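The values are calculated or read from the model by the stated rules, or taken from the named source; none is laboratory data. Owing to the predicted nature of the structure, the values given are computational and were not obtained by experimental measurement. Every residue, glycine among them, receives a Cβ derived from its backbone with ideal geometry; neighbour counts consider all protein chains shown. Areas reflect the complete protein model, heavy atoms only, side chains present, ligands, DNA and RNA absent. Shrake-Rupley method; radii C 1.70, N 1.55, O 1.52, S 1.80 Å.
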Amino acid sequence: MNRRAQASQPRSAKRIARILILPGDGIGPEVAEQGVRVLDAAAKGAGIELAFEEGLIGGASIDANGSPITDDVIERARSARAVFLGAVGGPKWDGLPFAQRPERGLLRIRKELGLFANLRPATVFSALADASTLRPEVVTGIDLLVVRELTGGLYFGEPRGDALVGGLRESRNTMVYNEVEIARIARVAFEAARLRRKELTHVHKANVLEVSQLWVTVVEEVAKDYSDVILHHQLVDSMAMLLLREPRNYDVIVTSNLFGDILSDEAAMITGSLGMLPSASLGEGGVGLYEPVHGSAPDIAGKDAANPLAAILSAAMLLEHSLAAPEPAARIRAAVGSVLDDGHRTIDLVGDSGLASVGCAAMGELVLQRLGK
Ligand code: NAD
C-alpha cells in the first residue's frame, strides 16, 4: 500500500493521479459515468487533480479485440494510480467457452495487479433502513467492513480437480495459506480498523481446520503491532448467525477467501440494496481497483434506470485508499446520505414507499449538487 508515502507529501504539493476507467458492459458505463463525475468534483474540491483515461473490459473488449481484456489494458492498469470499473457480462456473451467469457477479464486484472485484499463495506443509510428484510431497529446504524482474502485459500489451492479413484468419481479442492498471505491481509484489516472503531473480528473455523489455526496464530502475531485495536476471534458458523442477530456489534471483519465470499454477501443483503454496495480490491503493487458489487444488470441497461450510488460510493473508497484523501471521501458519503434523506430514490430503492423515482443521471446530478454545498 502506498498510502503512507502519499499522505506524507506536503499538503501544498499539486497531486495529479492517473485513473484508468473500465466502464465494461450493461449498466457499467452508465454508473461509471456518474461515479467519475462525482469523483472528479470531490477530488478537485480537495485540490487533487485527476487525469482520466478509458479502456475496454468484458464483453466490450471481446467485441472489439476478441478477448475480455488485452495486455495493453493490463499494462495501463499497472501504471495507473487506480482502476475504476463499472461491470462486465451480459447474455450476448453467455454462450462463449468459460475461458473467453467477460468475467475472465475481471479475474485476470485482479490477478495481474496482485489484488489480495477485497474490502466490502456494508452501510445502512438511515433513510434506507426499511429496505432490509431485517427489522429497521436491527439494521439502523450498521457500518460494517468485510476484509476478504482474495487470491489464496480454497479457490486457488492445489491439488484440485476430478479423478477416478477405485472406479469412483472423486473431486477435490485444497485450502492452503502460508503465513505471509495471512499476515498481509491481517495488516490491511488492522489498518482499516485503526481508521474506524478500532475493533477487528477475525472469522475462522479453528475448531476443525488446521488452516484456521494458523490464521489465529498469525493474526495474533500481527496484532502486537496494533495494540490500539481490540481483536476478537469468532467461529464462522456463529458469525453467520450473529451478523443477522446483532450486526451493529461488528465493525471490521477479516477472513479467508471462502468465508469472506459468503459473509460479505450476507452482510450486503442485510443492507437490502444491491445498488448501494461499493468495493475496493487492494494489493501490494499499490494499484487499487474500485467497483460496485452489482453486475451489469442487462434487464435495465440503456434505460437510465440504474442506481449509480454503488459506483459513487466506490469512488469514495478510491479517494480514501488510493489517494489518501478521507475528507473528500466523507463528503461524498455525506452527499449521498443527504440526497437519500431528501427522499430521492432510483427505481430499485422505491419499493412500496410511494416515492417517485429518478434516473441514473439525475441521481448523479443530485449527489454532485450536494457536494457543491
Ligand atoms: P446483477 O447484479 O447484474 O443484477 C441482479 C438484479 O439487481 C437485476 O434485477 C438488476 O436489474 C438489479 N441491479 C443490479 N445492479 C443494479 C443497480 N445499480 N441499480 C438498479 N438495479 C440493479 O446480477 P445478475 O443479473 O446475476 O448478472 C448480470 C450479469 O452481470 C451477468 O453477466 C453476470 O455474470 C454479471 N456480473 C458481473 C459482475 C461484475 O462485473 N463484478 C458481478 C456480478 C454479475
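Identify the single condition in (1) within 14 Å of Ala122 (Cα to Cα); (2) within 11 Å of the ligand (Cβ to nearest atom); (3) crowded, with 18+ Cβ neighbours inside 10 Å that Asn307 does not satisfy, given that it satisfies every other one.
For Asn307, the exception is condition (1).
So which of Ala117, Ala99, Ala41, Ala46 is aliphatic (A, V, I, L, M) and open to solvent by less than 30 Å² (accessible area, probe 1.4 Å)?
Ala117
Hey, can you tell me all the residues within segment 324-362 that are more than 16 Å from the ligand (Cβ to nearest atom), in contact with a helix residue (DSSP H, G or I) (Cβ under 7 Å, 6 or more places away or on another chain) and of a type in the set (A, V, I, L, M)?
Listed by number, the residues that qualify are Ala324, Ala325, Ala329, Ile332, Ala335.
Can you run down the residue pairs with Cβ atoms below 9 Å, 6 or more apart or on separate chains, where the first is in segment 103-115 and closer than 16 Å to Asp72 by Cβ and the partner is charged (D, E, K, R) and surrounded by fewer than 18 Cβ atoms within 10 Å (Cβ to Cβ)?
Listed pairs, sorted by first residue: Glu112/Arg78; Leu113/Arg78.
Would you mention how many residues in segment 324-362 are β-branched (Val, Ile, Thr), without any contact (Cβ under 8 Å) to a residue 24 or more places away in the chain and either surrounded by 18 or more Cβ atoms within 10 Å (Cβ to Cβ) or not assigned by TED's automatic domain parsing to the domain that holds Ala43 (or both)? Break it down stepwise before answering.
Applying the first criterion (β-branched (Val, Ile, Thr)) to segment 324-362 yields 332, 336, 339, 346-347, 350, 358.
With without any contact (Cβ under 8 Å) to a residue 24 or more places away in the chain added as a condition, the list becomes 350, 358.
Filter once more, keeping what is either surrounded by 18 or more Cβ atoms within 10 Å (Cβ to Cβ) or not assigned by TED's automatic domain parsing to the domain that holds Ala43 (or both): 358.
The qualifying residues number 1.
Based on this model, can you work out whether Ala240 counts as more than 16 Å from the ligand (Cβ to nearest atom) and of a type outside the set (Val, Ile, Thr)? Give the steps one after another, and end with the answer.
Numbers: more than 16 Å from the ligand (Cβ to nearest atom): yes; of a type outside the set (Val, Ile, Thr): yes.
Answer is yes for this residue.
Among the candidates Ser256, Ser296, which residue alone is more than 15 Å from the ligand (Cβ to nearest atom) and buried (at least 24 other Cβ atoms within 10 Å of the Cβ)?
Of the residues listed, the single one that is more than 15 Å from the ligand (Cβ to nearest atom) and buried (at least 24 other Cβ atoms within 10 Å of the Cβ) is Ser256.
Could we say that Leu106 is open to solvent by less than 10 Å² (accessible area, probe 1.4 Å), touching a Leu at 6+ places or on another chain (Cβ under 9 Å) and within 15 Å of the ligand (Cβ to nearest atom) here?
Criteria not met by Leu106.
Are any residues in segment 58-97 near the ligand (Cβ under 9 Å from one of its atoms) and of a type in the set (A, V, I, L, M), and if so, which ones?
Scanning segment 58-97 gives Leu85, Ala87, Val88.
Quickly run through segment 144-170 and pick out the residues that are open to solvent by 80 Å² or more (accessible area, probe 1.4 Å) and either acidic (Asp, Glu) or free of Cβ contacts under 8 Å to residues at least 40 places away in the same chain (or both).
Glu158, Arg160, Asp162, Leu164, Gly166, Leu168, Arg169
Return the residue satisfying two criteria in turn: it lies in segment 216-238 and is out of contact with any Asp or Glu (no Cβ under 9 Å at 6 or more places or on another chain) and assigned to a helix (DSSP H, G or I), and of such residues it is nearest to Ile182 (Cα to Cα).
From segment 216-238, those out of contact with any Asp or Glu (no Cβ under 9 Å at 6 or more places or on another chain) are 216, 219-220, 222-225, 227-228, 234-238; that's our starting set.
Keeping just the survivors that are assigned to a helix (DSSP H, G or I) gives 216, 219-220, 222-223, 236-238.
Values: Val216: 9, Val219: 7, Glu220: 11, Val222: 9, Ala223: 12, Val236: 17, Asp237: 20, Ser238: 22 Å.
Going through the qualifying residues, I end up with Val219.
Cβ-Cβ under 6 Å, sequence separation 6+ or interchain: first residue in segment 183-201 and closer than 15 Å to Gln234 by Cα, partner at pLDDT 95 or above and open to solvent by 20 Å² or more (accessible area, probe 1.4 Å). Which pairs?
Glu199/Ile230; Leu200/Leu231; Thr201/His232; Thr201/Gln234; Thr201/Tyr250
Can you confirm whether segment 79-98 contains a residue that is among the charged types (D, E, K, R) and over 21 Å from the mean Cα position of the chain (by Cα)?
Yes.
What are the pairs, 6+ residues apart or on separate chains, where a residue within segment 299-323 that is at positive phi has its Cβ under 9 Å from a residue that is open to solvent by 10 Å² or more (accessible area, probe 1.4 Å) and more than 10 Å from the ligand (Cβ to nearest atom)?
Close Cβ pairs satisfying both conditions: Asp304/Gly359; Asp304/Ala361; Asp304/Ala362.
Check off (1) in a helix (DSSP H, G or I); (2) open to solvent by less than 10 Å² (accessible area, probe 1.4 Å) for Tyr290 and give me the number that stays unchecked.
With respect to (1) in a helix (DSSP H, G or I); (2) open to solvent by less than 10 Å² (accessible area, probe 1.4 Å), Tyr290 is out only on (1).
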